[in-house]
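Working notes for the structure below.
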Amino acid sequence: MLKTGEEYKQSLRDGRVVLAADGSHVDDVTTHPQFKDAVENIAALYDMQHEPGLRDVAAYKDEETGELASRAWQVPRTKDDLVSRRELARMSTYHTLGVFGRPPDYGSFNALGLLSVADRIANASPEGASNIDDFIRWGRDNNAMSADIVADVQSDRSVPTAQKPGRLRSVEKRKDGLVVYGAKPCASVAVQAHVGTVVTLLTPGADPDANMFCYVPINAPNLTLVAREPVVNRGTDLDDHALDSRGEEPDSMLVFDRVFIPNEHVFSFRDPQMLGLYHELGALALWHILARLAYKAEIFAGTAQVIVDVLGTENIPQVRDSISEIAAYATALKAFVLAAEDTAQPANGVLVPAERFVTAGRLHSVENYPRVLQLMREISGQGLISRFTQKQFEDGAVGEMLREFLPGTGVSAEAKNRVFNFVWDLTCSANAQRVALFENVNATPPSAMRARIYNSDYRQPWRDFVLDRLGVDIAPQNR
Ligand SMILES: Cc1cc2nc3c(=O)[nH]c(=O)nc-3n(C[C@H](O)[C@H](O)[C@H](O)COP(=O)(O)OP(=O)(O)OC[C@H]3O[C@@H](n4cnc5c(N)ncnc54)[C@H](O)[C@@H]3O)c2cc1C
């Protein structure tokens with residue numbers, strides 16, 4: 001049940017229809033220049049499942065089958081399960097250096113979120129609820145990678161939601177399933193995933209035919225993935241770039257031109273109680289996003305220390321302050337993650353991290369993300385610009401002088417150059433900006449998180465304490 005990297009690549013040669021940015025129809029995403037580096041990056045994660053030292057992190061012995069299966073599909077039932085899943089998030093984040101927001105271990109969370117509300121789904125559709133169990137089993141048995149198909153296409157806001165031309169909706173209800181038409185945007189990693197889970201969680205006011213929760217194989221007939229343009233420039237010498245040379249997570253818009261979704265793939269359809277469950281159903285996914293950012297922040301803090309060490313700027317108090325701020329960011333994010341796990345509650349047999357800490361933690365993570373990037377740029381100085389290619393270092397007398405003039409503290413000029421190529425990829429490159437954009441909105445923007453926090457009632461006792469201490473009585477407020 002555990003694929004190797006080669007088997008993962010083979011599984012992507014399945015007839016999927018992908019329209020690349022250069023206008024070509026992609027025959028094989030594993031060899032196409034726009035996608036192959038990213039595919040290799042994830043293929044390495046599949047191989048890591050077989051490495052003796054990492055197998056315990058990546059896999060678990062499944063009780064039902066008695067076989068080793070990917071932990072990515074393990075249903076977290078205890079706190080230890082959550083901790084193990086977080087360890088897997090750590091492994092994938094350290095491997096991709098945090099620039100894949102939807103690594104294979106993330107993909108099951110829409111399904112697990114649905115499982116956490118399956119009792120309610122069963123009231124309207126017992127078949128839908130049992131399809132969730134079957135899908136999780138299928139994902140586990142196939143070591144599958146799933147993309148989130150959540151957001152709605154951006155179009156004229158003056159048009160009512162239920163009339164938007166691009167909304168994904170059922171245009172034909174058949175005995176054996178739905179025929180769907182429309183589009184879903186920004187599906188990160190879908191190009192190199194096996195399936196996508198479609199959920200209607202960001203669409204208050206969706207019409208009944210657009211209120212659907214289902215999954216769709218990426219190679220489904222009549223489904224086209226329109227990939228966004230790449231941002232990593234393969235035309236430049238990337239060999240010495242530890243990050244950008246390993247590709248970028250592809251995002252694409254899924255265009256459904258009357259795609260058939262069989263009944264067995266449908267979890268919920270036309271059930272009004274499902275709209276508005278974003279935070280409840282998304283709690284596990286949002287916890288993973290926060291955990292990944294916490295591990296990424298460790299990489300930021302580690303990188304900041306390396307910058308200071310190679311430049312020998314450690315004794316400058318203001319530089320130390322920057323390092324401390326980045327380290328405190330990493331520690332704060334970890335604290336939010338641990339608090340969310342510590343106060344997790346079971347929901348329908350799934351242990352769900354506490355949303356209160358997840359939402360506040362995510363707000364903190366995205367608000368401070370640009371500041372952390374800026375601090376790293378600040379402590380780098382000209383290092384981010386005075387970088388040269390390997391070919392320039394090999395250019396006879398000039399190369400020799402570059403080596404003579406540019407060494408760092410305890411490192412050669414070329415090693416220092418490699419460090420700053422990495423810092424560039426992490427904080428300045430086009431891919432770094434794309435990733436920053438992703439972190440800001442991939443799971444609702446900060447404004448929505450603030451609104452969510454305001455609408456929570458956990459601060460009520462704090463307010464009552466203050467009023468009580470002051471002896472002030474005020475009329476109950478309508479919030
Ligand atoms: C790189 C990248 C990768 C992504 N990957 C995925 C993915 O894998 N799967 C997926 O489903 N989606 C993905 N997304 C999409 C993401 O979910 C949406 O961008 C996000 O939910 C915001 O929705 P929108 O872009 O439609 O914004 P719009 O609804 O067009 O709104 C634009 C802006 O207006 C403001 N705004 C609008 N409505 C509100 C509101 N109710 N409260 C507060 N502010 C508001 C916000 O500032 C918002 O950013 C990705 C996005 C990016 C940039």
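Overview of values
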| read-out | value |
| --- | --- |
| Criterion: surrounded by fewer than 19 Cβ atoms within 10 Å (Cβ to Cβ), more than 30 Å from Phe405 (Cα to Cα) and either more than 19 Å from the chain's Cα centre (by Cα) or modelled with pLDDT of 95 or more (or both) - qualifying residue of Ser245, Ser324, Ser252 | Ser324 |
| Thr444 being on the phi > 0 side of the Ramachandran plot and out of contact with any strand residue (DSSP E or B) (no Cβ under 7 Å at 6 or more places or on another chain) | yes |
| Residues of the range 141-191 satisfying the condition of being touching a residue at least 60 places away in the same chain (Cβ under 8 Å) and within 10 Å of the ligand (Cβ to nearest atom) | Ala147, Asp148, Ile149, Val153, Lys184, Pro185, Cys186, Ala187, Ser188, Val189, Ala190 |
| Count of the range 187-206 residues which are modelled with pLDDT under 95 and either touching a Ser or Thr at 6+ places or on another chain (Cβ under 7 Å) or of a type in the set (Asp, Glu) (or both) | 3 |
| Whichever residue in the range 192-209 is within 11 Å of the ligand (Cβ to nearest atom) and among the hydrophobic types (A, V, I, L, M, F, W, C) and, among such residues, is surrounded by the most Cβ atoms within 10 Å (Cβ to Cβ) | Val199 |
| Condition check for Ser365: in contact (Cβ under 8 Å) with a residue 40 or more places away in the chain, hydroxyl-bearing (Ser, Thr, Tyr), surrounded by 21 or more Cβ atoms within 10 Å (Cβ to Cβ) and not in a helix (DSSP H, G or I) | no |
| Selection count where residues are open to solvent by less than 70 Å² (accessible area, probe 1.4 Å) and assigned to a helix (DSSP H, G or I), scope the range 440-459 | 6 |
| Helices (runs of 4 or more DSSP H) wholly inside the range 383-439 containing at least 1 residues that are touching a residue at least 40 places away in the same chain (Cβ under 8 Å) and more than 23 Å from Val366 (Cα to Cα) | 390-393, 413-427 |
| Matching residues in the range 101-111 - criterion: being touching a helix residue (DSSP H, G or I) at 6+ places or on another chain (Cβ under 7 Å) and surrounded by 24 or more Cβ atoms within 10 Å (Cβ to Cβ) | Pro103, Pro104, Asp105, Tyr106, Gly107, Ser108, Phe109, Asn110, Ala111 |
| Close pairs (8 angstrom Cβ cut-off, 6 or more residues apart or separate chains): over 24 Å from Arg356 (Cβ atoms) in the range 457-479, of a type in the set (A, V, I, L, M, F, W, C) anywhere | Asp473/Leu467; Ile474/Leu467 |
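The values are calculated or read from the model by the stated rules, or taken from the named source; none is laboratory data. Not measured: the values here are computed from a predicted model. Because the Cβ atoms are built from the backbone with ideal geometry, glycine has one as well, and the counts that use them run over all protein chains shown. Note: areas computed on protein heavy atoms with side chains; ligands, DNA, RNA excluded. Shrake-Rupley method; radii C 1.70, N 1.55, O 1.52, S 1.80 Å.
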